[in-house]
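Some notes on the structure that comes next.
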Amino acid sequence: MTLGGRYRLATMSGYDAFDANRIKHLEMIQAVIGRLGNDSFLVKGWAVTVAGVFFGFAVNGSDSSLAFASLLPTVVFWGLDTYFLRSERLFRALYDRVRADESAVPAFSMAATGSDFIESLGDAADDVASWLGTFLRPTLAVFYGGIVASALAVALAICLG
């Protein structure tokens, strides 16, 4: 089959079974994954901005309590980012199930964060759906741990200076 007379469409084995509905379902899941990734990025930006404002006021007013106060919004942003990352990981698991054409996934199901889907993951649920495991993932722990360490460093510098 030619496309516009210049290119030939090749059918690859393994992809013939992808009907239009399954492709649309995968596109819907991928759109959610993209939005969750974008939301996570925005939360990280807000976390740095809010912590930076607290640090600036702490240094300007020589008040170490403001540096310590930055820990509360940092932990809140960390928790929110954990929610987005956990949801993203669950939607990736749903994507893999739909891609593999497992009959256990109902057509156009988007219930990746529901308890029924999480239970259907079996042993993989411990890794993918764990709140604590996601909270302590290196991508989040290093980022937010760095903000926490910075808050402690600013507070210590104010106390000693």
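Just so it is clear, none of the values below were taken in a lab; they were calculated from the coordinates. Since the model is a prediction, treat every value here as computed from it, not as a measurement. No Cβ is skipped: glycine too gets one built from the backbone with ideal geometry, and neighbour counts run over all protein chains shown.
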For helix 20-61, what angle does its Cα long axis make with the longest principal axis of the chain, in degrees from 0 to 90 and rounded to 10?
10
Report, in degrees rounded to the nearest 10, the 0 to 90 angle that the Cα long axis of helix 138-160 makes with the longest principal axis of the chain.
10
Could you tell me how many degrees, from 0 to 90 and to the nearest 10, lie between the Cα long axis of helix 71-99 and the main elongation axis, the longest principal axis, of the Cα atoms of the chain?
10
With point charges of +1 on the Cβ of Lys and Arg and -1 on the Cβ of Asp and Glu, referenced to the Cα centre of the range 19-160, which listed residue (Asn60, Ala157, Ile23) lies farthest in the positive direction of the dipole?
Asn60
How are the alpha carbon pair distances in the range 24-79 distributed across 5 Å bins from zero to the largest one, expressed in percent?
4, 19, 19, 15, 12, 9, 8, 6, 4, 3, 1, 0
Taking Cα pairs under 8 Å and at least six residues apart, what relative contact order does the chain come out at, in percent?
30
Go ahead and set up a Gaussian network model of the chain, Cα springs under 10 Å, then flag whichever of Leu85, Leu71, Leu42 fluctuates most.
Leu42
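Taking N as the number of residues in the range 19-160, what is its alpha-carbon radius of gyration divided by 2.2 N^0.38 Å?
On the way: Rg = 19.5 Å, N = 142, 2.2 N^0.38 = 14.5 Å.
So the Cα radius of gyration is 1.35 times the expected 2.2 N^0.38 Å.
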Springs between alpha-carbon pairs under 10 angstrom, Gaussian network model over the chain: which of Ile118, Ile147, Ile23 fluctuates most?
Ile23
Residues whose modelled amide H sits under 5 Å from the amide H of Ala129, counting only those 5 or more places away in sequence or on another chain, are none
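What does the charge dipole of the range 21-119 about its Cα centre add up to, to the nearest 20 debye, if the Cβ of each Lys and Arg holds +1 and the Cβ of each Asp and Glu holds -1?
On the way: 9 positive and 10 negative charges, 43 e Å.
The dipole magnitude comes to about 200 debye.
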